1. Would the range 140-151 turn up any residue that is under 19 Å from Val23 (Cα atoms), among the hydrophobic types (A, V, I, L, M, F, W, C) and surrounded by 23 or more Cβ atoms within 10 Å (Cβ to Cβ)?
2. Is it the case that the range 181-192 has a residue that's more than 14 Å from the chain's Cα centre (by Cα) and not in a helix (DSSP H, G or I)?
3. What about Val124, is it within 23 Å of Arg231 (Cβ to Cβ) and either surrounded by 15 or more Cβ atoms within 10 Å (Cβ to Cβ) or in contact (Cβ under 8 Å) with a residue 40 or more places away in the chain (or both)?
4. Name the residue, out of Ala41, Ala98, that is more than 18 Å from the chain's Cα centre (by Cα), within 28 Å of Thr144 (Cβ to Cβ), aliphatic (A, V, I, L, M) and at pLDDT 95 or above.
5. Return only the number of the condition from (1) surrounded by fewer than 24 Cβ atoms within 10 Å (Cβ to Cβ); (2) within 17 Å of the chain's Cα centre (by Cα); (3) assigned to a helix (DSSP H, G or I) that Thr118 does not satisfy.
6. What residue, of Asp176, Asp168, is at pLDDT below 95, in contact with a Gly (Cβ under 8 Å, 6 or more places away or on another chain) and under 24 Å from Gly13 (Cβ atoms)?
7. Identify all residues within the range 21-30 that are buried (at least 17 other Cβ atoms within 10 Å of the Cβ) and touching a helix residue (DSSP H, G or I) at 6+ places or on another chain (Cβ under 7 Å); write none if there are none.
8. Scan Asp62, Asp22 and give me the residue that is part of a loop (DSSP other than H, G, I, E, B), modelled with pLDDT of 95 or more and under 23 Å from Leu235 (Cα atoms).
Amino acid sequence: MPSDFEPVDRGPGGVLAIVIDDVGFDPPSRTLLASLAGPLALAVIPNTPHGAEAARLARKNDWDLLVHLPMDPESGRAEKDSLGPKDDDAAIRAGVLAALARLPGALGINNHQGSKATADARVVRAVLEVVKERGLFFLDSRTTTASVAGAEAAKLGVPFLARDVFLDDVMTEFADPGGAPGALEAAWEKAIALAKKRGQAIVIGHPRKETLAFLSEKIGLLGKEGPRLVRVSELVP
């Protein structure tokens, strides 16, 4: 374990870490995001217009700051500066370093999209080599079951975590008879159950109005009967 990361006491009810992905497109000071009670983690896309402001919010609130690194998807449009199999190792390294330079103070990296990139061992290794050099950790958003990030991190000795639950998955909301509210509640209950059963759970949500309002209500209830809320960096093995 890196010296900067300290293990957390999981206690009888377990612990829950919440990561808000895709931060930086909107001014965080004008959304519910700024009013959420921590501890949280903000995963900021480096090239977004309000990324620097989001990073300041994380530092102000003593939240974890992550680089939400754009990585190539299997299908659909990739984010600007997305890294993947089309890039050689030097280009991947340069891209990761540029992303980190935009968000000084970040403790870790997690993938934005990346279903194609995280399934490619060479691409993953090139990213993780920078993560290791900088003493950071990698959080796999698990956008594909074919991800090799965990296996490659183990080979390189890189601190690694993986997402357990997507709080606001669009396809799940579409399929749920209760729509977005029903899907949010079901995902939250799944996360709570995982935390109690395994001792911890990592939840990823997005800065949507419905999601942030839901979290604003639910966070206040944690720690009384169920799991405690912790920073995701506290779960680094």
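The values are calculated or read from the model by the stated rules, or taken from the named source; none is laboratory data. Since we're looking at a predicted model, the values are computed, not measured. Virtual Cβ from ideal backbone geometry, glycine too; neighbours counted across all protein chains shown.
1. So far as the range 140-151 goes, no, none of its residues is under 19 Å from Val23 (Cα atoms), among the hydrophobic types (A, V, I, L, M, F, W, C) and surrounded by 23 or more Cβ atoms within 10 Å (Cβ to Cβ).
2. No: zero hits.
3. The answer is no for Val124.
4. After ruling out the rest, the residue left standing is Ala98.
5. Among (1) surrounded by fewer than 24 Cβ atoms within 10 Å (Cβ to Cβ); (2) within 17 Å of the chain's Cα centre (by Cα); (3) assigned to a helix (DSSP H, G or I), the lone unmet condition for Thr118 is (1).
6. Result of the check over Asp176, Asp168: Asp168.
7. Val23, Gly24, Pro28
8. Asp62
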